[in-house]
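Comments concern the structure below.
The values are calculated or read from the model by the stated rules, or taken from the named source; none is laboratory data. The structure presented is a predicted model; accordingly, all values stated were derived computationally and were not measured. Cβ placement follows ideal geometry from the backbone for every residue including glycine, while neighbour counts extend to all protein chains displayed. The area values use the complete protein model at the heavy-atom level, side chains included, leaving out ligands, DNA and RNA. Shrake-Rupley method; radii C 1.70, N 1.55, O 1.52, S 1.80 Å.
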Amino acid sequence: EVRLVESGGGSVQPGGSLRLSCAVSGLQFSRFWMYWVRQAPGKGLEWVSYITTGDSSTYYRNSVKGRFTISRDDAKNIVDLEMNNLEPLDTATYYCAAACRTGTVLSRADCTYWGPGTQVTVSS
């Protein structure tokens, strides 16, 4: 059984930081690009970042570039998302996902594996 479990969400003030972690099991982790996707209340899915296999190249949507950092540990089957200088618009449920189509993630069908999500709330 493939499992992706996120942790590290919470409530912070604008400018604060959080570090999300996704633990993966049942998957040959090192063979999969890993994604972070978020969904704000009443909004659609929005890809945040992903990291490739091999050389672990990283990609970010423009609105989080310079503030978020994705990383992976293939020995521990973990992918992290460090979020700094958080803004109210970052408020969303954050999902870890794998086996996604290249390009934007617009629906759950775009990825095969999903975690249950962790809530991030940024408010003053």
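For the stretch 53-58, putting each phi into the Karplus relation 6.51 cos²θ - 1.76 cosθ + 1.60 with θ = phi - 60° gives couplings of 7, x, 7, 6, 5, 10 Hz, in residue order, rounded to whole numbers and with x for Gly and Pro. Taking all protein chains into account, the per residue accessible area for the stretch 1-121 stands at 50 Å² (1.4 Å probe).
Which of the three applies to the chain, rounded, prolate or oblate, going by the alpha-carbon gyration tensor with a ≥ b ≥ c and a/c under 1.5 meaning rounded?
prolate
GNM on the chain, alpha-carbon springs under 10 angstrom: the most fluctuating residue among 38, 61, 72 is 61.
Placing +1 on each Lys and Arg Cβ and -1 on each Asp and Glu Cβ, with no other charges, gives the chain a dipole about its Cα centre of roughly 160 debye.
The portion of the accessible surface of the chain made up by carbon and sulfur, rounded to a whole percent, is 47 (1.4 Å probe; DNA, RNA and ligands excluded).
Near the amide H of residue 48, within less than 5 Å, lie the amide hydrogens of 36, 37, 38, all on another chain or at least 5 residues away, with H placed in the peptide plane. For the stretch 51-124, the square roots of the Cα gyration tensor eigenvalues, ordered a ≥ b ≥ c, give a/c of at least 1.5 with a/b greater than b/c, which places it in the prolate category.
Approximating the spin labels as points 7 Å out from Cα along Cα→Cβ, the residue 53-to-residue 121 distance works out to 3.9 nm. The magnitude of the dipole of the stretch 57-108, with charges of +1 and -1 set on the Cβ of Lys/Arg and Asp/Glu and taken from the Cα centre, is near 240 debye.
Modelled this way, with points 7 Å down the Cα-to-C-beta line, the labels at residue 62 and residue 19 are 3.1 nm from one another. Other residues with beta-carbon under 15 Å from the beta-carbon of residue 25 carry, at +1 per Lys or Arg and -1 per Asp or Glu, a net charge of 0. Coupling constants for the stretch 82-95 follow from the phi torsions by the Karplus curve (6.51 cos²θ - 1.76 cosθ + 1.60, θ = phi - 60°), and in residue order they are 8, 10, 10, 6, 5, 10, x, 5, 7, 4, 4, 8, 9, 10 Hz; glycine and proline get x.
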